[in-house]
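The structure under discussion appears below in the form of structure tokens.
Here, each number is a calculation from the coordinates, and none is a lab measurement. If you're wondering where the values come from, they're calculated on a predicted model, not measured in any experiment. Glycine also receives a Cβ, built like all others from the backbone with ideal geometry; neighbour counts cover every protein chain displayed.
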Amino acid sequence: DTAAKYEAPSMVPVGVDPTRASIARVYDAFLGGKDNYAIDREVFHKVQRVAPEARDLAWSNRNFLTRAVRFLTDQGGIRQFLDCGSGLPTAENTHQIAQRIDPEARVVYVDNDPVVIAHGEALLEDNDFTHFVAADIFQPQDVLQNPTVRKYLDFSKPIGLLHVGTLHHYTAENGGELMQEYVDALPSGSFVAISHFLDPETPERSELARRMEDVFIHSPMGSGRFRTKAQLREFLPGLEIVPPGPGKPADFDLSDLWWPDGPRLRPLSPVEECSAAAVGRKP
Ligand code: SAM
């Protein structure tokens, strides 16, 4: 019974309720978007009070997604993506990045936020290669057995599975098992990309991570865990992690340091040191 196995407060479906913060709308507020209510912006402002560079938390994540999808399409040869927790449409969405390289690359987006679903469906009306599924990403079988997922993704060919900025909203301890169910369904040669809030395990930054976590968990959004690298590795079970840069060990790295687009000319902000990412390949 998977419903009992994977339970986390954040899996409760969120309606379009302006009196309740939603993960997608709070994230949009962090990115500087317009699809959010006062209650969502309030969460952002509260995080800003403990971490003035709060926006970096969202942008480190989003910029990683952009680079990872480009890498997977271009270098990895991936032509079909399952984007779990896609979020509200923003400047560069997965299908736009992938379809710039191959216009016939397929993307299935999954989210459970009604605002995301409404926007997604409107955005994709004209695109035969992009589809939207309303499902709970923390119930892997519901996603994997979904008829739209099965119709548009070919599970005999490599798939790029994205769990970018999602798993920190899964607050229970068995996230490794949850990801194992996804990985088991993927054919060999598939990739999994993850980014996640990080507890950097240094006294100063761990304190910052703990304070941001405290704000998220006690906010009307209710979730946002900062995990250590050791905890994050459990989310890529049995996968070969792609080295995050030349000469670097195959492991999670700070999201901004994962194959950056160019040289770094300014130091990372404290918040940028609290986001980690990795890409793993199924042997
Ligand atoms: N992946 C995008 C990115 O990295 O830019 C968006 C990340 S946003 C922080 C997390 C998204 O996951 C939100 O759109 C939220 O609605 C969605 N989400 C959270 N929990 C979910 C669940 N249990 N089922 C489906 N979607 C969920």
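Pick from ALA51, ALA98, ALA230 the residue whose mean-square fluctuation is largest in a GNM of the chain, springs joining Cα atoms under 10 Å.
Taking springs between Cα atoms under 10 Å, the residue moving most is ALA230.
Taking the radius of gyration and the Kirkwood hydrodynamic radius from Cα positions alone, what is the Rg/Rh ratio for the range 1-157, to two decimal places?
So for the range 1-157, dividing Rg by the Kirkwood Rh gives 0.98.
Pick from ASP40, ASP261, ASP28: which residue has the top mean-square fluctuation in a GNM of the chain where Cα pairs under 10 Å get a spring?
Fluctuation is largest for ASP261.
Take the range 70-212, drop everything but the C-alpha atoms, weight them equally and run the Debye formula without solvent; then report log10 I(q)/I(0) at 0.09, 0.14, 0.20 Å⁻¹ to two decimals.
Computed log10 I(q)/I(0) values: -0.29, -0.68, -1.25.
Expressed as a whole percent, how much of the Cα-Cα distance distribution for the range 77-137 exceeds 15 Å?
Taking all Cα-Cα pairs of the range 77-137, the fraction more than 15 Å apart is 43 percent.
Relative to the compact globular guide of 2.2 N^0.38 Å, what is the alpha carbon radius of gyration of the range 149-272, as a ratio? Each step should come with its number before you reach the end.
Working: Rg = 16.1 Å, N = 124, 2.2 N^0.38 = 13.7 Å.
After normalising by residue count via 2.2 N^0.38 Å, the value is 1.17.
What number comes out for the charge environment of ALA193, summing +1 per Lys or Arg and -1 per Asp or Glu over other residues with Cβ under 12 Å away?
Within the 12 Å Cβ shell, the charges total +2.
Using only the alpha-carbon atoms of the range 40-94 as identical scatterers, what base-10 log of I(q)/I(0) does the Debye formula give at q = 0.17 Å⁻¹?
Each listed q corresponds, in turn, to -0.67.
Of LYS5/LYS282; LYS46/LYS248; LYS46/LYS229; LYS248/LYS282; LYS34/LYS151, which ones are farther than 31 Å apart at the Cα?
Those over the limit are LYS46/LYS248; LYS34/LYS151.
Who wins for biggest fluctuation among GLY247, GLY76, GLY32 in a Gaussian network model of the chain, springs between alpha carbons below 10 Å?
It is GLY247.
Using only the Cα atoms of the chain, construct the convex hull and provide its projected area averaged over every direction, in square nanometres to one decimal.
Its Cα hull, projected and averaged over all orientations, spans 14.0 nm².
Looking at the range 66-106, I'd like the Rg to Rh ratio, where Rg is from alpha-carbon atoms and Rh is Kirkwood's inverse mean 1/r.
My calculation of the ratio gives 0.93.
Translational D (Stokes-Einstein, µm²/s) of the range 114-155 at 37 °C and 0.692 mPa s when Rh comes from the Kirkwood sum over C-alpha pairs?
Once the numbers are plugged in, D ends up at 294 µm²/s.
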